Amino acid sequence: MIAHLIKITAHTGKKDELVEFLRWDADVAAADEPGTLRFDVYDVPDEPDAVYLYEAYADDEAFAAHREQPPFKKFVDHIVPNVIAKMDLLLRSAPSVAANVPT
């Protein structure tokens, strides 16, 4: 299992659009991506324009499959240039060393 943890900061006034997009992305992952094990978005009250995205994939191939889905194209083409002010990649393809679910 590999994981990514990303702090995403939206432009002022764009957080609702970001969250709506991430909910759709999570729905697509649940329906069409068996290798996407987690796609969780967390709101932090003292960071009003930011969310934290935690993604876990069965392996690198599952992450590659996620990148082939329609949400990823929209993320690159619309969300990144128009909605996101900053992204901080806190974990990138970090391998799991312990988990409470099968890996």
Look through region 84-103, keep the residues that are out of contact with any strand residue (DSSP E or B) (no Cβ under 7 Å at 6 or more places or on another chain) and not aliphatic (A, V, I, L, M), and return whichever of them is modelled with the lowest pLDDT.
Thr103
Give the residue, chosen from Glu20, Glu61, Glu47, that is out of contact with any Cys (no Cβ under 9 Å at 6 or more places or on another chain) and not in a helix (DSSP H, G or I).
Glu47
Filtered residues of region 18-36 (kept if within 15 Å of Tyr52 (Cα to Cα) and open to solvent by 20 Å² or more (accessible area, probe 1.4 Å))
Val19, Glu20, Arg23, Ala26
Qualifying position, being modelled with pLDDT of 95 or more, touching an Asp or Glu at 6+ places or on another chain (Cβ under 7 Å) and either of a type outside the set (Val, Ile, Thr) or closer than 21 Å to Ala31 by Cβ (or both), among Pro71, Pro81:
Pro71
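The values are calculated or read from the model by the stated rules, or taken from the named source; none is laboratory data. Source: prediction; values computed, not measured. Positions of Cβ are backbone-derived with ideal geometry, glycine not excepted, and every protein chain shown enters the neighbour counts. Keep in mind that these areas ignore ligands, DNA and RNA; they rest on the heavy atoms of the full protein, side chains included. Shrake-Rupley method; radii C 1.70, N 1.55, O 1.52, S 1.80 Å.
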